[in-house]
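Report on the following structure.
The values are calculated or read from the model by the stated rules, or taken from the named source; none is laboratory data. Just so it is clear, the structure is predicted and the values come from calculations on it, not from any experiment. We place every Cβ from the backbone using ideal geometry, glycine too, and count neighbours over all the protein chains shown. These accessible areas exclude ligands, DNA and RNA; they are computed on the full protein's heavy atoms, side chains included. Shrake-Rupley method; radii C 1.70, N 1.55, O 1.52, S 1.80 Å.
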Amino acid sequence: MKNPPFTYHRPTTVDEALALLAEFGDDGKVLAGGQSLLPVMALRLGSPEHIIDIGSIDELATITVGDGVTIGAMVRHAEAEKSADIASQAPLIAAAMPYVGHRAIRSRGTVVGSIAHADGAAEMPAVCLATGATMSIASADGTREVAAADFFQGFFTTALEANELLTAVHFPAWSPTAGGSVVEIARRHGDYAMCGLACSIDVPNGTITEAALSFFSVAGQPIRVAEAEQALIGKPATESSFADAATVVAEHLDPTGDIHATANYRRQLATVLTRRGLAEAASRIGVPA
Amino acid sequence: MTDTQDRQRSGLGFVGQRVKRVEDERFLRGAGTYVADVQPDGVLHAAFLRSPYPHATINSINVNKASRLDGVAKVFTGAELNDVTNPFLPFFMLEGLYTPLYKCMSDDKVRHVGDVVALVVAESRYIAEDALELIDVDYTELPSIASIDDALTPGRVQLWDKANGNVLGDIDASYGNVDEIFAKADHVITRTLDCPRQTNQPMETRGTVVEVDPQTGHLDIHNTSQAPHMLKWATAALLVNEGGFKNLGKFVKNAERRSAFLGAAKSFVTTNKEKLKASDPAGQKSQFEKDKSMVKHQMRMASGLLAADDYPTVKAVDIGGAFGSKGPVTREDIAVAAAAKQLGRSVQWIEDRVENLQDGGQAREERFDVSIAVDADGTLRGMKVDAYLDQGAYPAFPISSAIIPQLWKLYMPGPYNFEAFELNTKVLATNKGRVVPYRGPWANETFMRERMLDIVAGELGMSPADLRAKNVMREGSMPDAFITGPSIDETMSVAKTLDRALEMIDFDQLEEDKAAAEARGHKLGLGIASYHEAAPGPPNFFSSAQPGSDMFLYEDGRAEVEADGSIKMYTSQSPHGQSHQTTYMQVAADELGVPMEDVEIVWGNTDRTQFSFLGTGGSRGGPLGAGVMRMTAREVRNQVVEVAADMLEAASGDIEIVDGNIHVAGVPAKGITYADVAAKVATDKRISSGAVFSEEMKYEGVGNGGWSVATHVAWVDIDLETGMVEIPRYLVVEDCGPIINPGVVDGQVRGGVAQGIGAVFYEKHHYDDNANLLSATYMDYLIPTAMEIPEIDIEHMETLTSGENDARGTGEGGMIGAPAALTNAVSDALGVEVHEQYLPPYRLLELAGVITPD
Ligand SMILES: Cc1cc2nc3c(=O)[nH]c(=O)nc-3n(C[C@H](O)[C@H](O)[C@H](O)COP(=O)(O)OP(=O)(O)OC[C@H]3O[C@@H](n4cnc5c(N)ncnc54)[C@H](O)[C@@H]3O)c2cc1C
């Protein structure tokens, strides 16, 4: 369980990092917090020849407020967890943080690294999908922006090319009448969930005008259940609306099974989490559920 | 009543006190000496190439590229290491059981994922692992045997050519008139219960650092062994010296060794004459008939032992847990020693977690088809069990897991008055990791029996508590012996723990709590389980299972006072988390009348401690290990008192030793010290160092040796929406006799219960239908953490006997009782019969009828 040899690079600017990525292409790999990459290398499931550590690029370690909030690539989970700006501008991130691994992992791991890694069982990709986040991607050839819905493409697979860096992720402004929550069921404290949900509802005047139900750990990538979201629109934020949505979730979600959770069990959790998650979201905005 | 007991009972002295562990200071500061902390100059690092397949033939292996990698000292193929080692030939064989002979490395066939195929020795573990990737092995995959059912199906691919299918043998036993009892009883209740595979998971994985003395070639083996002497002898026997019978000639010529060895052998045979006669040589004979090569190999091993120029020294300092997995000598231990010897250089191998999950030791995959004969009034009459034990590919060495049915034979009817009992066990070979003893290796018998008792109670419409209370053996009407043979004495106090536990349960409150849980969409249940455990058991315990097998059941120890007055206690135990150092210091300090810190405990070095076959294992550290500390310390104290009496011009009967002050009773001001007395003897003997007082002893325990018993009660709360479980309360009422250190006993009980909670709710070692390992990392093999373990209430009942050292073992019990109590609680909560030990959340919802299986 020792990693294969590699050459280590420690650029201090984004441009330097992009030049290195351009040079090494498929043989290079970005290292952020290392909490996912290093285990992969230790198990020799991956053996990149060049490691480009972005930990010394100060310009990436920023949280910027403006029409929502933008989180730079070197913002650690722990910083996001205690950031007042994130709590007010992107409450779903704050809600997700306590579930991401353990404290020690959150001290090193990064929010954006988790998004780039795109584990279908991870919280942040689902939060991105629920909130309609935008990915800022850079390469030596220029920059581009990709919507979360186009970014996650399957089992550990994203729109990122080998020569690209995910420099930041932008989360749009949070409606003052919206409530959200992240709920999940994991086997042990700190484990990846067997099933989880990042959800939000906007209830400006008694009825739901917008809804997002973004499930994680049900497939290779986070999944939104549009039919259930649709079923909520125009309904009051009540337990019975949420229960109806849960029924729709059960009909439309087709989760996978593994040694920890059967497909039927995941479907059961998804329905329970729909009810629990929406009730918690409603309680955040003081809507009587 | 003796002096010690007086003090023990009145709470004076260190014994009985919640003394802080002396080990913790170094452990918590990171200052322990674990095997990876031993770094000899220039040590090389080893890594094994392991099979990715469950079952395959090896057509060819090419190590050229790997050998040329910079920093690689040598790549050993399996064949090369097998040339310089003897095959593993089990020491103990059982009549009717085929115990395969296997080699240090696999050179023609691999039999499980992780099977060892080649060994790289390099300047670093990194380089060694780089080289592994350059080795080319051509395999042809074979079908695999992945389960108990596969192994029982005739005509399938066979793991061992000379065996009869994959059923390696039957271990049967019958007591009482089974047919008659079953014919007469009112009801016969039959079920099948399943236990999944688990793995012992110590924090420190296996490891061995083989240090080669460049001048003499002597091997110092620093190892994580629970049984260092066993490893020393096995290494001597398994490393080929010059091969064949030439060694015998050399041995005959070496007069010193010859007389030492023959002297030892002769004394062993004379002291154990009767036991040896009884010890079933037929078992070996029938094995040898199946595999003639075994005779040759036994001779090779014997000649290795006789003619080795030099036996290695094994050193085990601090060990980060084992739970039984580090008792066996493993192929890796021998391969690394052989490699170091070949290279003439020190080599270390530190097992990583992936290797450990593949073959560090697995356990408990068993199935029981059980019938219980019972009368309508709840009187238990008889029990019949067909058991199946999945041993994995390579049997543990030198004692295979076939020892487990030998213990089932004695334990299965439990502390209840069954009149008849029959057990038929099939030991099965599968393409999975090696099965080793795991904390209470026989424990599934308690799960099986206690689960069945609840099922029987359900069928009869009785409460599980009443059924147990009615049938448990009680003082007054207790038989002299179990129907399975072992004698019973007052320490078999299960009834007392059961009665106490039932007193401590508020059954009215339970009904209220159940209703409250239901109102929240949860289900709450309560489960009870009782057991008895030989710790170390009466003198006829092991011979009840296998005549003659009690001949190794003693514990050696030595007490010494050196010329400078320092006190050293030598134990052959090999502590790995059980707090031997603290408890032995307590015991010796009380006997010697000195502060604890004046006593040094010496362990784990085969040059300094006496031979012990088992090292630490079998709950013997308290009764026998502490016992020999007590007895030898007492003798040395007497020797010291004799000399001190002369020095103080008093009668030895008037001498007292308090806090290291040796004085005439009532005149503490005119005291002398151990150093003064030792100095006097040293001067008289004209020596300046070494022992001036010494006592060595083989301690077999006294009286009936004793049972350790307990009743566990679990409260389990299940969320019916998610299957998530909480354990609002867990109670253990235990009796391990007079306690040396309550803190240590509590720790052992809690740790055991935690592993039982793991067994039921978290831990299953998953293999797929083709015997590929699925739980190959800690992402998938889930061990409960502090977050998942509730408070555990412990009630101690200290039944005393007339014995001198009456402390009884308590290391295994927590793990034995917990799976039964927890599954019983789940069954009570859900109102369904539970037939399996592993209950993850999805399974709980299936049982509750909330979801259907996929
Ligand atoms: C025991 C344990 C438990 C965990 N539990 C959870 C959990 O419950 N939920 C959860 O979500 N996560 C969990 N994690 C993962 C953790 O959150 C990681 O921190 C996260 O997945 C990756 O972030 P990182 O900064 O460590 O990325 P790294 O490990 O450094 O990188 C991960 C991958 O993303 C790529 N990458 C990283 N940053 C960029 C970038 N800016 N641009 C392009 N590519 C990039 C890397 O090249 C690599 O392929 C756990 C980890 C461990 C070890």
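Within the span defined as region B:717-729, one or more residues are assigned to a loop (DSSP other than H, G, I, E, B) and either open to solvent by 60 Å² or more (accessible area, probe 1.4 Å) or touching a Gly at 6+ places or on another chain (Cβ under 9 Å) (or both). Quick one: count up the residues across region A:45-58 that are more than 16 Å from A:G72 (Cα to Cα), more than 9 Å from the ligand (Cβ to nearest atom) and surrounded by 16 or more Cβ atoms within 10 Å (Cβ to Cβ). Here the count works out to 1. Of all the numbered requirements in (1) touching a strand residue (DSSP E or B) at 6+ places or on another chain (Cβ under 9 Å); (2) of a type in the set (A, V, I, L, M, F, W, C); (3) open to solvent by less than 50 Å² (accessible area, probe 1.4 Å), A:A78 misses one, and that requirement is (1).
Of everything in region B:365-392 that is touching a Pro at 6+ places or on another chain (Cβ under 9 Å) and either open to solvent by 10 Å² or more (accessible area, probe 1.4 Å) or farther than 30 Å from B:D466 by Cα (or both), the residue that is farthest from the other protein chains (Cβ to nearest Cβ) is B:L389.
Every residue, every condition in (1) touching a Pro at 6+ places or on another chain (Cβ under 6 Å); (2) surrounded by 24 or more Cβ atoms within 10 Å (Cβ to Cβ); (3) among the aliphatic types (A, V, I, L, M); (4) not assigned by TED's automatic domain parsing to the domain that holds B:M815, yes or no:
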position	(1), (2), (3), (4)
B:T313	no, no, no, yes
B:A322	yes, yes, yes, yes
B:P328	no, yes, no, yes
B:E332	no, no, no, yes
B:A335	no, yes, yes, yes
B:A340	no, yes, yes, yes
B:L343	no, no, yes, yes
B:G360	no, yes, no, yes
B:A363	no, yes, yes, yes
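Count of region A:223-252 residues, restricted to those that are open to solvent by 10 Å² or more (accessible area, probe 1.4 Å) and under 20 Å from the mean Cα position of the chain (by Cα), is 4. Identify all residues within region B:764-780 that are more than 11 Å from chain A (Cβ to nearest Cβ) and either open to solvent by less than 10 Å² (accessible area, probe 1.4 Å) or polar (S, T, N, Q) (or both); write none if there are none. Across region B:764-780, the qualifying residues are B:N770, B:A771, B:N772. Note on region B:786-801: among residues that are modelled with pLDDT under 95 and within 14 Å of chain A (Cβ to nearest Cβ), the one that is surrounded by the most Cβ atoms within 10 Å (Cβ to Cβ) is B:M787.
For region A:105-117, indicate whether the set of residues that are among the hydrophobic types (A, V, I, L, M, F, W, C) and in contact with an Asp or Glu (Cβ under 7 Å, 6 or more places away or on another chain) is non-empty. No. Within region A:78-100, identify whether any single residue is within 14 Å of chain B (Cβ to nearest Cβ), out of contact with any helix residue (DSSP H, G or I) (no Cβ under 7 Å at 6 or more places or on another chain) and near the ligand (Cβ under 7 Å from one of its atoms), and answer yes or no. So far as region A:78-100 goes, no, none of its residues is within 14 Å of chain B (Cβ to nearest Cβ), out of contact with any helix residue (DSSP H, G or I) (no Cβ under 7 Å at 6 or more places or on another chain) and near the ligand (Cβ under 7 Å from one of its atoms). Each residue in region A:89-108 was checked for being among the polar types (S, T, N, Q) and under 14 Å from A:T131 (Cβ atoms), and 1 of them qualify. Quick check on A:I71: is it farther than 23 Å from A:T12 by Cα, more than 10 Å from the ligand (Cβ to nearest atom), away from chain B (no Cβ under 14 Å) and open to solvent by less than 60 Å² (accessible area, probe 1.4 Å)? No, not satisfied.
For (1) under 18 Å from B:A237 (Cα atoms); (2) surrounded by fewer than 19 Cβ atoms within 10 Å (Cβ to Cβ), each residue gets a yes or a no:
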residue: B:P100; (1), (2): yes, no
residue: B:C104; (1), (2): yes, no
residue: B:R111; (1), (2): no, no
residue: B:L119; (1), (2): no, no
residue: B:S124; (1), (2): no, yes
residue: B:A128; (1), (2): no, no
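Within region A:71-87, one or more residues are touching a Leu at 6+ places or on another chain (Cβ under 6 Å) and either assigned to a helix (DSSP H, G or I) or free of Cβ contacts under 8 Å to residues at least 60 places away in the same chain (or both). Only residues that are touching a residue at least 60 places away in the same chain (Cβ under 8 Å), part of a helix (DSSP H, G or I) and either in contact with a Lys or Arg (Cβ under 8 Å, 6 or more places away or on another chain) or away from every other protein chain (no Cβ under 14 Å) (or both) were counted across region B:109-127, and they come to 1. Picking from residues in region B:732-753 that are under 20 Å from B:F447 (Cα atoms) and crowded, with 23+ Cβ neighbours inside 10 Å, the one that is nearest to the other protein chains (Cβ to nearest Cβ) is B:V753. Restricting attention to region A:130-174, the residues that are acidic (D, E), free of Cβ contacts under 8 Å to residues at least 60 places away in the same chain and within 13 Å of the ligand (Cβ to nearest atom) add up to 1.
Please find, within region A:35-44, the residue that is least open to solvent (accessible area, probe 1.4 Å) out of those that are within 11 Å of the ligand (Cβ to nearest atom) and under 21 Å from B:E129 (Cα atoms). The residue in question is A:M41. For beta carbons closer than 6 Å, sequence separation of 6+ or different chains, a first residue in region A:105-122 that is within 14 Å of another protein chain (Cβ to nearest Cβ) and a second that is near the ligand (Cβ under 6 Å from one of its atoms) and in a helix (DSSP H, G or I), the qualifying pairs are A:A122/A:S114.
Any chance region B:830-841 includes a residue that's assigned to a helix (DSSP H, G or I) and away from chain A (no Cβ under 14 Å)? Looking through region B:830-841, at least one residue is assigned to a helix (DSSP H, G or I) and away from chain A (no Cβ under 14 Å). Restricting attention to region B:399-425, the residues that are open to solvent by 10 Å² or more (accessible area, probe 1.4 Å) and more than 21 Å from B:G176 (Cα to Cα) add up to 3. Against the definition (open to solvent by 20 Å² or more (accessible area, probe 1.4 Å) and touching a Lys or Arg at 6+ places or on another chain (Cβ under 8 Å)), how does A:R106 come out, yes or no? No: the conditions fail for A:R106. Check region A:181-200 and report whether any residue there is within 13 Å of another protein chain (Cβ to nearest Cβ), part of a helix (DSSP H, G or I), surrounded by fewer than 24 Cβ atoms within 10 Å (Cβ to Cβ) and not basic (K, R). No, region A:181-200 contains no residue that is within 13 Å of another protein chain (Cβ to nearest Cβ), part of a helix (DSSP H, G or I), surrounded by fewer than 24 Cβ atoms within 10 Å (Cβ to Cβ) and not basic (K, R).
Residues in region A:201-228 that are over 14 Å from A:D119 (Cβ atoms) and of a type in the set (G, A, S) were compared, and the one that is nearest to the other protein chains (Cβ to nearest Cβ) is A:A228. Could you list, in sequence order, all residues of region B:146-173 that are touching a strand residue (DSSP E or B) at 6+ places or on another chain (Cβ under 7 Å) and either of a type in the set (K, R) or open to solvent by 70 Å² or more (accessible area, probe 1.4 Å) (or both)? Within region B:146-173, B:D172 is the sole residue that qualifies.
A search for C-beta distances below 6 Å between a residue of region A:24-48 that is away from every other protein chain (no Cβ under 14 Å) and farther than 20 Å from A:A138 by Cα and any residue that is near the ligand (Cβ under 6 Å from one of its atoms) and of a type in the set (K, R), counting only pairs 6+ apart in sequence or on different chains, returns A:P48/A:K29.
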